[in-house]
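**Student:** The structure that follows is given in the form of C-alpha cells.
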Amino acid sequence: MKRASPPVAFAAAVLAIGFLSAMDAAMKTVSLDYGALSALSWRALIAIPLVGIAYLIFRKNWPGRRAMRFHLVRGIIMVPMSFLFFYGLTYVPMAQAIALAFIAPLIALLLAGAFLKEKIGKRIVTGSLLAFAGVLVIFFGQTQVDLGREAFIGSLAILVSAMLYAVNIVLMRQQSQEAGPIEIAFFYFAIAGPGFWLLGLFVGLPEYPATQIPALLLATFFSIIGMMGLAWAYARGEAGYLSTTEYSGFLWGALFGFLVFGEVPSLFTAAGAVLIVAGCWIAARSAPVDHAMETA
C-alpha cells in the first residue's frame, strides 16, 4: 500500500469531500429545475463511459461471482437511496441535509452488530442517542422557522436515504474485500444508472435537462473526482484517522449552500449538527466510521 504523510492524506480526504459537496450543489441545481430523477439518470449516462474507460484500463481481472453479487445488491439499493437524498435536497438547505445524513454511519454500526455480529458497546449506544437528539433539534428548528410541509417531507426523505446508505455501508465493508475503488465506482453507475431509467418507466421518463447541461457535467466531474480522491486518501492513510474528515462535509455544505443558493444554516441546524457529530465521534472511538455520502 502506498503511503503519504498523514497531513497530506488528511488534506486530500477533506478536499475530496469538498468535491462531493460541490457535486451535491450542482445536482441540487439540476434537480430544482428538472427533478432529482432526471439529474441522477443523466449523470449516470455521462459517468458510465468515463468511469468504464478507467476501469477497463486499470482492472486486473473481471469480478468473481461473490463480488458481482455485492455490486448488484448495492447498485439496486443505491437507486432509492440516491433518489431520496437528492429529492430531499431540493427542499432543505444543504448543510441541514448533510447533517441529517451523518446518522448513516451510526445506523451502520448497529446493523453491523445485528448482521455481522460485531460488538455494540456503550459508546455506540451513547453516540447513537446523542445523534438522535441532534436530529430532533434539527426537526424542532424546522417547526420554529416554518419551512413548510415540503421541507419536512424532504428531511424525512433524507433520513430514509441515510438508513438505506447504512445498509450500503455494511455491504461495502464486505464488498471492499472483493473489489477495488474504481471497480466499485464503475459498477455503481453501471447498475444504478439503468435502475434510475427503469424507475422512470413507473413515475415518468427523466426529462432532458437542456438548460442545465453545464451543471450536470460539473456534477458528474465532481462526483468522479470526489470518489477517486477519497480512494487515493484512504489508500495512503489509516481509516480511523481519516474518518474524522467526514465532518468537514457540514462546513462544505454550508459554504456551497450559501454561495450557490444563498442558504444560511439556522442555529438549530448548527446545534443539531454539533450533537450528531459528537455522537459520531463518541461511537467512532470504538469503531471506524465511513463517510456518509461518498457514492451518492
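**Student:** DSSP loop (so not H, G, I, E, B), at most 10 other Cβ within 10 Å: list which trypsin sites (Lys or Arg not before Pro) in the stretch 7-71 pass both filters.
**Tutor:** Of the trypsin sites (Lys or Arg not before Pro), the ones in loops of the stretch 7-71 whose Cβ has at most 10 other Cβ atoms within 10 Å are K60.
**Student:** What do you reckon, how do F221, F196, F250 stack up by accessible area (1.4 Å probe), largest on top?
**Tutor:** On the way: F221 110, F196 5, F250 30 Å².
In descending accessible area the options line up as F221, F250, F196.
**Student:** Multiply the residue separation of L72 and V203 by 0.36 nm, subtract the distance between their alpha-carbon atoms, and state the gained length in nm to one decimal.
**Tutor:** On the way: separation 131, 0.36 × 131 = 47.16 nm, distance 2.25 nm.
Full extension from L72 to V203 adds 44.9 nm.
**Student:** With a 1.4 Å probe and all protein chains in place, put R149, R123 in order of accessible area, largest first.
**Tutor:** R149, R123
**Student:** Let me know the shape class of the stretch 8-88, please: from the alpha-carbon gyration tensor, a ≥ b ≥ c as square roots of the eigenvalues, rounded when a/c is under 1.5, otherwise prolate if a/b is greater than b/c, or oblate.
**Tutor:** Cα axes put the stretch 8-88 in the oblate bin.
**Student:** Order the following by accessible area, largest value first: E207, E183. Probe radius 1.4 Å; ligands, DNA and RNA are ignored.
**Tutor:** Values: E207 105, E183 25 Å².
Highest to lowest solvent-accessible surface, that is E207, E183.
**Student:** Let me ask something additional. Summing Lys, Arg as +1 and Asp, Glu as -1, what charge do residues with Cβ under 15 Å from the Cβ of K28 carry, K28 excluded?
**Tutor:** Counting the neighbours of K28, the net charge comes to -3.
The values are calculated or read from the model by the stated rules, or taken from the named source; none is laboratory data. Values in this document were obtained by computation on a predicted structure and should not be read as measured data. Cβ coordinates were reconstructed from backbone atoms using ideal geometry, including for glycine residues, and neighbour counts include every protein chain displayed. Protein only, heavy atoms only, side chains kept; ligands, DNA and RNA dropped before computing areas. Shrake-Rupley method; radii C 1.70, N 1.55, O 1.52, S 1.80 Å.
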